[in-house]
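Notes follow the structure.
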Amino acid sequence: MRRAWRHGPVTGEAFESERLKARMGEMLLERELLEAKVAVLKGGRPLARRRSRP
């Protein structure tokens, strides 16, 4: 969103566009992580489990 500030006032449309681009990036990253987990499960290896801390 900083890019828009350098070039003048941020319009509602520009703000929404940047917000949606950021959300899309987050969703793509989540999808990649899920695909990696599925690949591990299909390979027959268990997922790493977190240890509870005392």
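The values are calculated or read from the model by the stated rules, or taken from the named source; none is laboratory data. A quick note: this is a predicted structure, and the numbers were derived from the prediction, not measured. Glycine gets a Cβ as well: all are built from the backbone with ideal geometry, and neighbour counts include every protein chain shown.
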Looking at this structure, is residue 4 at pLDDT below 70 and of a type in the set (Gly, Ala, Ser)?
yes
Log entry, pairs with first residue in the stretch 1-28 being surrounded by 10 or more Cβ atoms within 10 Å (Cβ to Cβ), second being of a type in the set (Val, Ile, Thr) and at pLDDT 95 or above, beta carbons closer than 6 Å, six or more apart or on different chains, reads none
